[in-house]
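Quick note: the coordinates plus some simple rules give every number you see, no bench work behind them. Everything numeric in this text was worked out from a predicted model, so none of it was measured. Cβ placement follows ideal geometry from the backbone for every residue including glycine, while neighbour counts extend to all protein chains displayed.
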Amino acid sequence: MARKAYGSQGRRTARGRGHAGSAATDAAYGNGRAEGSGLEAALSGVAAGTEGMVLDLQRMIRQPSVSARDEGLEECALLLGSMLEDAGLDSEVLHLKPGGRVGRASGTRAGPPPPPPPPPVVFAERRSESNPDKTLLFYNHYDVQPEEPVELWRYGPFDAVRRGNRVYGRGAIDDKGEIAARIRAVGSYIRETGDVPCNIKFVIEGEEEIGSGHLPRYLSRYRRKFACDGVIWEFGYVDPRGRPVVGLGMKGLMFVELTARGPAGDAHSSLAVLIKNPAWRIVEALSTMRRADGRITIPGWYDDVRRLTARDVRLLEAEEFDEASFRREYGVDGFVGGLRGLGAKKALAGAATCNIAGISSGYSGSGAKTVLPAVAVAKLDFRLVPDMVPSRQFGLITRHLEANGFADVRARMLHGEAAARTDPSEQFVRNVRDAASASFGSEPVVCISNPAAGPMHAFQKALGAPCVSVGGTYVFSKIHSPNEFARVDLLKKTAACMCRIMDVFGRQS
Ligand SMILES: [Zn+2]
């Protein structure tokens, strides 16, 4: 029913000043920057349009878009493009040619098959007639994680079943619920006032769940098209007490593979007296890279790390961290290096890591097999913090291996993205905090950096705009797991929050 709010009439006529049916709100909004003009109308449009927002979300979930399997991406991009058009924006589905960062066949016919083309990016724009000088950009992703294990889902992962306040499905909140709330917010503004308080852009990519491999290329190719003054990041958490978490940063991530080779083929282990075992080489090399307390011992590793400021530390102190339930959740007795309290929070937000993601070599089946393996591989992920540069850090690893007699251990960087952190004193951050506090009914928690990685640095580098995350992702929404769900009450608050952000951001000079 409420889908009517985005009926085709709205789509075709909302562009012009004389948007039918909103003469009164147009008049109120016609004063341009008058305080809050149009906001009340947009907020009531959001409140009245909740059911329509849920239907939008269900439509999105029912279009599977699993980037890991390259499934349904183009279809989902087209669906989103049409939903954005329905909301009153101009949309485009952008493509890149294959190549660039993705490895290429060497030119011989017998080479590996070419990689699939990069998933499209959905771009949409609505220019503000009253305030064309400020631009707010929403970054999101339409791809989702694989739905497996399917048998653990209570409802079909792509059925988008609604039960009371919840909508279940893969991508329900990561990231389709967040998208639905944003489209509803912008659509309500357009529908109710015939305009938006600042220029609005959407950049919705299709491979966030597999590392955003082509996003930097899209960002540099379409730098001018995507130009903006502030970016609202793809998600935002709501803590168990219902407080919105305003996030200012993401760590970076470097993924490295180490390979050691021994004999030409697996050998009888009696020869271990003569032949070097590559598994030992990997273990010995790894043991020179990190101390048991987590400190990375590669020379120069911390040279470029930006120290936490006194203000950062104050924000961390105010953040909640329930150590006991965290330990219970993960079944661990204590933390690395004996960290506790503020130390643990500082590490989550601002410490670099060297993690062994996996080691493989030789025989690991049941029972015994006396073998001296031919090859050993270790997969390592390093969380990076501002201002570490992945290529420089990788250079430190190769130099360290050579300097310590491990020139035979080959290192390869599979992925590298730098960290990003927006300054808490930015006006944009204050705008988002105020909007979140008014919409969620409680003071937001400011989180200086998410412990996970994301392509925020690519945005800051290409567009030079501050990035802030805020949204309706309840912390226990089972994202990436079976029974992922979105909470309708939080999506509604998120849509209202987005209206308030557009309003206050648009009014600032
Ligand atoms: Zn995700």
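General observations
- In the range 470-509, the trypsin sites (Lys or Arg not before Pro) that fall in loop regions by DSSP, at most 16 other Cβ within 10 Å: Lys478
- Percent RCO, i.e. relative contact order, over the range 359-432, from Cα pairs under 8 Å lying at least 6 residues apart: 28 percent
- Distance (nanometres) between label positions extended 7 Å along Cα→Cβ at Leu78 and Val336: 4.6 nm
- Given charges at beta-carbon only (K, R positive; D, E negative), |dipole| of the chain in Debye: 580 debye
- Remark: relative contact order (the chain) = 23 percent; criterion is Cα-Cα distance under 8 angstrom and separation of 6 or more residues.
- Simple label model, 7 Å out from Cα along Cβ direction - Ser509 to Asp303, nm: 4.5 nm
- The chain - share of DSSP beta bridges that are antiparallel (%, nearest 5): 70 percent
- With neighbours defined as other Cβ atoms within 10 Å of a residue's Cβ, the residues Thr422, Thr259 order from fewest to most as Thr259, Thr422.
- Residue order for His141, His214, His268, fewest other beta carbons within 10 angstrom first, comes to His268, His214, His141.
- Computed from backbone phi, the HN-Hα couplings of the range 219-227 come to 5, 7, 5, 10, 3, 6, 4, 8, 3 Hz, rounded to whole numbers (Karplus: 6.51 cos²θ - 1.76 cosθ + 1.60, θ = phi - 60°; Gly and Pro given as x).
- Among residues other than Pro240 with Cβ under 11 Å from its Cβ, the summed charge is -1 (Lys and Arg +1, Asp and Glu -1).
- Length released on extending from Glu402 to Asp266, taking residue separation times 0.36 nm less the Cα-Cα span: 46.4 nm
- Taking other C-beta atoms within 10 angstrom as a stand-in for reagent exposure, Leu342, Leu43, Leu308 fall in the order Leu342, Leu308, Leu43, fewest first.
- Between Arg430 and Glu71, the simple label model (points 7 Å from Cα in the Cβ direction) yields a spacing of 4.9 nm.
- Backbone N atoms of the range 251-269 closer than 14 Å to the 7 Å Cα→Cβ label point of Glu319 belong to residues 251-252.
- Estimated from helical segments only, the mean residue ellipticity of the chain at 222 nm is -10000 deg cm²/dmol, where each DSSP H run of four or more residues counts as -39500 (n - 2.57).
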